[in-house]
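Any read-out appearing in this document is the output of simple, stated calculations on the displayed coordinates, not a laboratory observation. Because the structure is predicted, anything quoted here is derived from the model rather than measured. Note that each Cβ is placed from the backbone with ideal geometry, even for glycine, and that neighbours are counted across all protein chains shown.
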Amino acid sequence: MPLLRAFFPASSAPASPATDAAPLTLRDKQGRLLPRRRDDHTQVLRRTVQFAFAALNIWIGVEFYRWVRFYETAGQSLRVERPAGVEGWLPIAALMNLKYWVLTWEVPEIHAAGMFLLVSFLGISWLLRKAFCSWLCPIGTLSELLWEGGKEIFGRTFAFPRWLDVPLRSLKYILFGLFFYAIAQMSTAELKAFLHTPYGLVADVKMLDFFRLMGRTSAIVIGVLLVLSLVVKNAWCRYLCPYGAMLGLVALVSPTRIRRTADACIDCGKCAKACPSLLPVDKLASVRSAECTNCLLCITACPSRDALHCTTARRWALPGWAVATGVLGVFFLVVAAARATGHWDTVIPDEVLFELIPRAGQLGHP
Ligand code: SF4
Ligand code: SF4
């Protein structure tokens with residue numbers, strides 16, 4: 001079943017005595033019998049959520065393209081609703097709006113949906129660490145599929161040596177720091193004025209243009225990243241994604257974390273081997289790293305039932321379905337609140353859109 005394996009690879013299969021290389025009987029260091037982990041479907045659940053959100057993003061992209069075409073063709077093509085979720089792809093506007101909202105208590109009029117999505121992702125990161133990256137983000141899903149595909153092709157993945165890995169990992173924090181600094185310098189009046197400029201109003205169309213009218217340099221950079229992602233686990237996420245950097249910083253104060261119970265651990269190292277963030281889970285009492293995405297792959301790989309858990313501050317163990325419920329619950333709650341209060345959709349008059357969208361390519365950064 002190679003097709004099925006491509007979508008639900010071996011690493012997502014539940015541990016079972018038949019497929020696991022660990023001995024059938026597990027014993028602790030004193031020789032006492034340890035219970036084995038029973039089959040669970042956490043990784044099937046996670047992959048299902050990942051694919052559902054990837055499909056949602058593809059649908060949003062198609063609908064947004066059709067919406068833009070209506071204005072580009074002067075109303076000659078079919079009119080569709082603008083999917084406000086497209087603003088999830090405007091992280092800088094979202095951060096600007098969030099600062100504006102926090103300082104003025106006024107919900108911004110332009111691209112507020114992006115801000116609400118950011119709030120939900122920050123909420124998820126605080127509650128369940130960087131779970132956004134491994135459960136919802138379509139780029140994270142693509143990255144994961146790429147390195148899993150690369151592993152099938154080349155038989156292994158590659159990791160940079162530590163002296164190179166650490167400075168490379170700092171790049172995403174530097175990028176986030178630059179965006180954060182630029183936004184921190186702006187007053188609330190400047191933030192509002194920026195988002196009401198022609199450029200700010202059609203920032204979403206500019207983002208679409210980046211992908212559909214991609215220049216050679218951007219195409220080469222993306223091509224290099226795609227090839228790198230085949231051989232290095234989550235190369236973009238690990239080294240360059242400023243969004244992931246921000247969520248990782250929030251996750252540092254999260255009450256949940258992966259905890260290892262040394263007494264139930266047989267030191268097999270399977271958890272560390274399974275970790276896509278290359279964390280030494282088998283050596284840690286608890287995983288505090290900003291790189292942990294709560295993907296739970298370490299737990300799935302662990303043969304000992306009581307050795308590894310995702311736990312709350314009170315040390316209550318959270319099974320995979322509880323993590324999924326938390327991630328989806330926060331996401332849908334925030335989106336529902338934004339819709340119910342009438343802040344989800346950005347309303348720009350048609351005459352402005354007919355004027356701005358066809359010449360979005362000529363609009364420069366103010
Ligand atoms: S420590 Fe576990 S949950 Fe965290 S990234 Fe590694 S495998 Fe995923
Ligand atoms: S916690 Fe890691 S090292 Fe310990 S038994 Fe589980 S997989 Fe093996």
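Inclusion of Arg359 among residues that are surrounded by 13 or more Cβ atoms within 10 Å (Cβ to Cβ), more than 16 Å from ligand 2 (Cβ to nearest atom) and outside any loop (DSSP other than H, G, I, E, B) is not warranted. I need a count of the residues in segment 290-335 that are within 25 Å of Phe116 (Cβ to Cβ), crowded, with 23+ Cβ neighbours inside 10 Å and β-branched (Val, Ile, Thr). Final tally of qualifying residues: 3. Checking each residue in segment 204-263 for being hydroxyl-bearing (Ser, Thr, Tyr) and touching a helix residue (DSSP H, G or I) at 6+ places or on another chain (Cβ under 6 Å) picks out Ser229, Tyr239, Tyr243, Ser254, Thr256.
Can you pull out every residue in segment 295-314 that is away from ligand 2 (no atom under 16 Å from the Cβ) and either touching a residue at least 24 places away in the same chain (Cβ under 8 Å) or in contact with a Ser or Thr (Cβ under 8 Å, 6 or more places away or on another chain) (or both)? First the steps, then the outcome.
Taking segment 295-314 as the starting set, the residues that turn out to be away from ligand 2 (no atom under 16 Å from the Cβ) are 312-314.
Those that are away from ligand 2 (no atom under 16 Å from the Cβ) and either touching a residue at least 24 places away in the same chain (Cβ under 8 Å) or in contact with a Ser or Thr (Cβ under 8 Å, 6 or more places away or on another chain) (or both): Thr312, Ala313.
In segment 46-104, the residue that is surrounded by the most Cβ atoms within 10 Å (Cβ to Cβ) out of those that are hydrophobic (A, V, I, L, M, F, W, C), out of contact with any Pro (no Cβ under 8 Å at 6 or more places or on another chain) and outside any helix (DSSP H, G or I) is Leu90.
The rows are residues; the columns are (1) among the small types (Gly, Ala, Ser); (2) within 24 Å of Gly248 (Cβ to Cβ); (3) within 11 Å of ligand 1 (Cβ to nearest atom); (4) in contact with a helix residue (DSSP H, G or I) (Cβ under 6 Å, 6 or more places away or on another chain).
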residue	(1), (2), (3), (4)
Asp267	no, no, no, no
Cys275	no, yes, yes, yes
Leu296	no, yes, yes, yes
Thr312	no, yes, no, no
Gly320	yes, yes, yes, yes
Thr341	no, no, no, no
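In the condition set (1) under 27 Å from Leu249 (Cβ atoms); (2) surrounded by 14 or more Cβ atoms within 10 Å (Cβ to Cβ); (3) away from ligand 2 (no atom under 16 Å from the Cβ), Val287 is compliant with all but (3). Beta carbons closer than 6 Å, at least 6 apart along the sequence or on distinct chains, pair a first residue in segment 254-265 that is at negative phi and free of Cβ contacts under 8 Å to residues at least 60 places away in the same chain with a second that is more than 8 Å from ligand 2 (Cβ to nearest atom) and part of a strand (DSSP E or B) for Ile258/Cys310; Arg259/Ser286; Arg259/His309; Arg259/Thr311. State all residues of segment 258-283 that are more than 16 Å from Arg305 (Cα to Cα) and more than 9 Å from ligand 2 (Cβ to nearest atom); if no residue qualifies, say none. Selection gives Cys275, Pro276, Ser277, Leu278, Leu279, Pro280.
Gly269 meets the conditions (1) at positive phi; (2) surrounded by 20 or more Cβ atoms within 10 Å (Cβ to Cβ) in every case but one. The failed one is (2).
Can you say whether Leu122 is surrounded by fewer than 23 Cβ atoms within 10 Å (Cβ to Cβ), touching a Ser or Thr at 6+ places or on another chain (Cβ under 9 Å) and assigned to a helix (DSSP H, G or I), as far as the supplied structure shows?
Numbers: surrounded by fewer than 23 Cβ atoms within 10 Å (Cβ to Cβ): yes; touching a Ser or Thr at 6+ places or on another chain (Cβ under 9 Å): no; assigned to a helix (DSSP H, G or I): yes.
The answer is no for Leu122.
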